[in-house]
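> So that we are looking at the same thing, I have put the structure below in structure tokens.
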Amino acid sequence: MSEEALKVATCPMHEIIPMHPEVLKRPWPLNRRLRDDAPVFKDPMSGIFFVSRYDDVVKMAQDHETFSSKMVSGSRQLAATDDPEIRDIMASGYPQVDTMLTEDPPLQRRYRKFVDGAFSPRNLKALEPYIEKLSEDLIDKFIDRGECEFLSESGVPLPLRVIVNQLGAPEKDLPLFKKWTDAFIGNLSQQLDREGLKKAAMDMVEFQHYFVERIKERRENPQDDILSKVVNASIDGEKPLTEAECLSMISQIMVAGNETTSATLTEAMWLLIQNPDQYEIVRKDPSPEMISNLAEEALRYSSPSSNMFRRATKDLEWHGVKIPKDSILFARFASANQDERRFPNPEKFDVTRDNLREQVAFGKGVHHCLGAALSRRELNVGFRVIFERMENFRLADGAPEPEFSANALLHGLTGLQLAFDKIR
Ligand code: HEM
């Protein structure tokens, strides 16, 4: 455990620096401390109130009237910057508007209605052969080497290709999607310096201009993809979405549909290496039920959407802490998923856990993840193919222990040098 993380477990609460990169990388000691000693805690540096216990996080997610998702400038670095050069770059694009993730009902429901059907489990069943073929093709590329960098060779490309396909873009544009996703996440990470912000602004504007062209094409010539559904949707005679609204919806689907599933796929492999007893359980019984258990427990354990913003719509007092109206709170989904009050022995990765389906990695309430069914399908198909083709997972010879990224909202490994034996 790093020095910063160790301090978190013992030092006075007011000395903790929750946004310190080392704490962001390894947040578990802080989360335990918060759940036990300060279930509602105001981070002295950012001013954000952290809510960390399972029951409280669920309550927050379900009470959208008290805890609004409507974006606030402080939660997006670019919106808050007063650097004239960066503002000029942003001005050459389209305004950032709030849609699903960053809107409240009833407007949020209106936006969701446009795309809910496209992400329904029934619709996604048809995608299964495509996901399976993709998983096989990715593994084909490295299976004979006996090792791979799992994140970039499998974890990232699987969900990325699915989403690029669903957004109706050609394969050759894959690298652009990765670059744009990184820009949006960087903007949310609160960790960018000026150069990083400038690059993020340029990449986000490039994304907007690229998709404005695709929006025009799909308006004139609709196809059977999600993009066409978004740009041509008009419910009950309402007027269609504006370009800025379409861009916001597309960016949310692109960003949320990428990094999160990649993180869970990759962390699952690392968890299986660290927990040989759990690996053996799945290896001996790779039935659909057990693979699904593996996916749910990996979701609980990895919780890639670790924190989500909310804004208090009125003055509150919670666990003895005063929260003034308009304060920003974090619903700490990753901490909720490690709450010993809900999951006994939470630090144990356990694919036989009784209540693993109570995990809240996909959130709760009106904002419950739009892509949950898609992500589950990718994880289940992806793990099934992996267990059919590879065994005896381990860290590649001489590879360092994998490291987590330092991001306030998204948690995941920066890479995983995986070695394995080939089955077929
Ligand atoms: C392991 C994978 C994933 C995880 C852990 C995850 C997590 C989450 C969470 C926690 C929320 C709720 C946010 C809140 O309450 O403020 C959410 C919402 C959302 N997710 Fe996911 N997600 C995943 C995959 C996906 C995929 C594959 C897509 C799209 C293809 C997607 C699209 C969205 C969208 C658009 C929302 C906003 C929904 C709304 O606010 O109405 N997610 N996700």
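> Please sort by residue number the GluC sites (Glu not before Pro) in region 295-404 whose DSSP state is loop and whose Cβ has at most 14 other Cβ atoms within 10 Å.
Working: sites: E296, E297, E317, E340, E347, E358, E378, E388, E391, E403; in loops: E340, E347, E403.
The qualifying sites are E340, E347, E403.
> Could you give the length gained by full extension between M19 and E132, i.e. 0.36 nm per residue of separation minus their alpha carbon distance, to one decimal place?
On the way: separation 113, 0.36 × 113 = 40.68 nm, distance 3.87 nm.
Result for the pair: 36.8 nm of gain on full extension.
> With the alpha-carbon atoms as the only input, what is the per residue convex hull volume for region 302-349 in Å³? Write out the running numbers ahead of the final one.
Working: hull volume 3.6 nm³, N = 48.
Output value, Cα hull per residue: 75 Å³.
> What full-extension length gain, to one decimal in nm, is calculated for R389 and E280 as 0.36 nm per residue of separation minus the Cα-Cα distance?
37.7 nm
> A follow-up question, please. For the pair Q191/K314, report the inter-label distance in nm, with labels modelled 7 Å from Cα in the Cβ direction.
With each label point 7 Å from Cα toward Cβ, the separation is 3.8 nm.
> Right, here's the next one. Neighbour counts of other C-beta atoms within 10 Å: give me Y94, Y130 arranged from fewest to most. Mind dumping the intermediate values first?
On the way: Y94 21, Y130 14.
With the fewest neighbours first, Y94, Y130 line up as Y130, Y94.
> How much mean residue ellipticity at 222 nm does the chain get from its helices, if each DSSP H run of length 4 or more adds -39500 (n - 2.57) and you divide by all residues, to the nearest 500 deg cm²/dmol? Intermediate values should be presented prior to the final figure.
Numbers: 19 runs with 210 residues, N = 424.
Taken over the chain, the calculation gives -15000 deg cm²/dmol.
> Say R0 is 56 Å: what FRET efficiency, to the nearest 0.05, do D82 and N355 get from their beta-carbon distance?
On the way: r = 48 Å, r/R0 = 0.85.
Between D82 and N355 the formula returns 0.70.
> What helices does the chain hold that run 18 Å or longer along their axis, going by alpha-carbon atoms, with a Kyte-Doolittle average of -1.0 or more, using DSSP H for the helix calls?
Span-like helices in the chain: 128-142, 174-189, 243-256, 259-274, 288-302, 372-389.
> Still on this structure, please answer the following. Please give, to one decimal in nm, the separation of the simple spin-label points placed at D224 and A91, each 7 Å out from Cα toward the Cβ.
4.6
> Find how many whole Å separate the alpha carbon centroid of region 35-69 from the alpha carbon centroid of region 79-123.
Each part's Cα centre sits 23 Å from the other's.
> What percent do you get for the relative contact order of region 29-95 when only Cα pairs under 8 Å and 6+ apart count?
Values: 31 pairs, mean separation 9.6, N = 67.
Reported as a whole number, the value is 14 percent.
> In nm, to one decimal, how far is the modelled label at K113 from the one at D236, with both set 7 Å along Cα→Cβ?
0.5
> Any chance you could check the Cα centroid distance between region 219-240 and region 266-324 for me, in angstrom?
Taking the Cα centre of region 266-324 as reference, the centre of region 219-240 is 35 Å away.
> While we're looking at this one, here's another question. Using the 10 angstrom Cβ neighbour count as an exposure proxy, how do K113, K229 rank, fewest first? Intermediate results must be reported in sequence, preceding the final value.
Numbers: K113 13, K229 19.
Starting with the residue having the fewest Cβ neighbours, the order is K113, K229.
> Counting only C-alpha contacts under 8 Å and six or more residues apart, can you give the relative contact order of the chain as a whole percent? List each step's numbers first, then the result.
Working: 655 pairs, mean separation 107.5, N = 424.
That works out to 25 percent.
> Starting from the exponent 0.38 and prefactor 2.2 Å, build the expected Rg for region 3-422 from its residue count and divide its actual Cα Rg by it. Before the final figure, lay out the partial values.
Working: Rg = 21.2 Å, N = 420, 2.2 N^0.38 = 21.8 Å.
Dividing the Cα radius of gyration by 2.2 N^0.38 Å gives 0.97.
> Run through every distinct alpha carbon pair of region 122-249 and return the Kirkwood hydrodynamic radius in angstroms, one decimal place.
Numbers: mean 1/r = 0.0595 Å⁻¹.
Averaging 1/r across every pair of different Cα atoms and inverting gives 16.8 Å.
Read-outs: derived from the displayed coordinates by stated rules, not from any lab. This one's a predicted model, so the numbers in the text were calculated from it and none came from an experiment. Neighbour counts are summed over all protein chains in view; Cβ atoms, including those assigned to glycine, are modelled from backbone coordinates with ideal geometry.
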